[in-house]
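Quick note: the coordinates plus some simple rules give every number you see, no bench work behind them. As the structure is a prediction and not an experimental result, all values here were calculated from the model. Cβ placement follows ideal geometry from the backbone for every residue including glycine, while neighbour counts extend to all protein chains displayed.
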Ligand code: TRP
């Protein structure tokens with residue numbers, strides 16, 4: 001069975017793929033700007049605490065369920081219980097998860113398309129092809145459609161190659177490239193005038209802001225989004241892990257890489273903003289807060305690059321290349337969730353499944369683009385703000401309450417015969433049963449009410 005459904009061939013391959021899923025626009029774009037506007041190092045601290053105490057245990061729930069079943073989320077959750085109702089609800093959760101994963105991909109592909117467009121725009125700028133440069137960096141329906149489709153085609157192309165030849169091989173190439181590019185950019189930006197001020201904003205904690213409930217909600221959302229939790233992407237990656245693999249260890253590695261890249265991105269983006277200010281670019285909104293999100297990436301940074309002449313154009317190409325890679329290693333994990341389901345539950349051949357499902361998602365993206373102002377924000381909040389935490393709670397409950405304690409231990413022991421005596425086994429089982437669902441629920445309720 002394992003051979004026919006594909007498997008990661010090495011620990012490095014798995015960690016690169018799962019970290020590739022985790023590291024994406026959320027880390028390089030979302031995290032630094034949120035940190036900037038929410039108390040700098042204090043936000044970082046809250047984020048770290050939540051990532052280790054809530055996101056890591058939830059990630060482990062997905063990896064264990066997936067590896068135990070060696071199957072897609074729907075089958076994995078269905079097979080955990082022999083009680084019909086629990087089993088059917090599990091299958092339903094799996095399907096709901098893959099619908100959410102597909103919807104996340106439908107907005108993610110739009111933003112990722114912009115990254116490619118801006119990279120190409122900088123290249124055109126450098127070559128002096130002004131018309132192409134301004135077309136690809138200006139907001140228009142044809143531009144948005146074209147680059148979204150291009151990005152979807154890349155995603156589908158990799159997924160149709162399969163787990164080993166597609167996901168693993170490309171993650172092993174792209175992730176080291178991403179890391180090196182990020183470190184080089186960071187080192188370069190830190191040498192520019194104004195960078196130190198940005199560093200100060202990033203590293204001086206303002207605890208006043210960091211302990212507010214809103215901020216904790218934001219940090220939890222960021223941590224869940226960043227580790228790709230809830231929708232079954234990590235579950236399906238876990239299902240491709242060989243039984244000999246030590247799950248808590250590889251899960252820990254993935255969490256660490258994810259956090260490390262987010263923290264590094266902070267060392268790039270915040271200093272870059274203050275370099276921009278030093279060069280005369282406006283970086284504060286009229287209300288006095290730092291510009292963030294799309295304005296930051298698509299206005300402030302390009303304006304900064306423009307003040308830097310030819311080196312600026314080069315840095316710009318490299319920067320948007322970095323963003324595109326980060327997005328691609330994440331988008332493939334989103335598409336794998338529904339594709340694995342179609343292959344295993346409906347016997348559709350992988351290549352066909354990838355193009356068919358990818359095609360539908362591209363159509364949904366196109367629909368969003370037609371009424372961007374209304375639909376984009378709606379889909380983002382429906383999926384990431386509401387569905388992801390809810391699904392996260394259900395997955396923790398299935399790992400903690402539905403899956404037999406014995407089965408859990410057996411699963412852990414395969415990769416580590418001494419698992420029973422380890423710290424993980426002492427803490428995690430009750431933690432994922434009680435603490436995770438309760439805290440996620442509390443934060444979730446507050447975010448709905450507030
Ligand atoms: N974690 C990725 C990021 O930080 C995005 C991502 C990939 C994702 N797969 C996911 C988010 C599944 C939610 C669910 O950009």
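Build a GNM of the chain with springs between Cα atoms under 10 Å apart, and of 202, 431, 47 the one that fluctuates most is 431.
With the simple model of a label 7 Å out from the Cα in the direction of the Cβ, residue 407 to residue 131 spans 6.3 nm. Over the C-alpha atoms of region 166-269, the Rg to Rh ratio, Rh being the Kirkwood estimate, stands at 1.04.
Comparing 155, 255, 53 in a Gaussian network model of the chain, where Cα atoms under 10 Å apart are tied by springs, the biggest mean-square fluctuation is seen for 53. Working note: 222 nm ellipticity from helices only, DSSP H runs with n ≥ 4, each -39,500 (n - 2.57), summed and divided by the residues of the chain, gives -24000 deg cm²/dmol to the nearest 500.
Counting neighbouring beta carbons within 10 Å and listing from fewest to most, the residues 264, 436 come out as 264, 436. The angle between the Cα long axis of helix 11-22 and the main principal axis of the chain comes to about 60°, on a 0 to 90 degree scale. Each label was represented as a point 7 Å from its Cα along the Cα-to-Cβ direction; for residue 197 and residue 363 these points are 5.2 nm apart. Reported to the nearest whole Å, the Cα centre-to-centre distance from region 40-111 to region 306-338 is 26. Computed from the C-beta positions of residue 85 and residue 244 and an R0 of 35 Å, the FRET efficiency is 0.50 to the nearest 0.05. Here the Gaussian network model covers the chain, with springs between Cα atoms less than 10 Å apart; of 219, 326, 366, 366 fluctuates the most. Note on region 317-450: Cα-only Rg and Dmax are 19.8, 56 Å. How high is the FRET efficiency from residue 351 to residue 4, r the C-beta distance, R0 22 Å, rounded to 0.05? It comes to 0.90.
By the count of neighbouring beta-carbon atoms within 10 Å, fewest first, 395, 211 end up ordered 211, 395. Residue separation of residue 426 and residue 289 scaled by 0.36 nm, minus their Cα-Cα distance, works out to 44.9 nm of gained length. Using a Debye calculation, one point per C-alpha and no hydration shell, please list log10 I(q)/I(0) for region 259-403 at q = 0.20, 0.21 Å⁻¹ in order. At q = 0.20, 0.21 Å⁻¹ the computed log10 ratios are -1.31, -1.34. For residue 177 and residue 307, the FRET efficiency from 1/(1 + (r/R0)^6), where r spans their Cβ atoms and R0 equals 22 Å, is about 0.20.
When 191, 299, 233 are arranged by Cβ crowding within 10 Å, least crowded first, meaning fewest neighbours, the order is 191, 299, 233.
For the pair residue 445 and residue 253, label points projected 7 Å from Cα toward Cβ lie 4.0 nm apart. Shape descriptor for the chain: Rg over Rh equals 0.97 (Cα atoms; Rh from the Kirkwood inverse mean 1/r).
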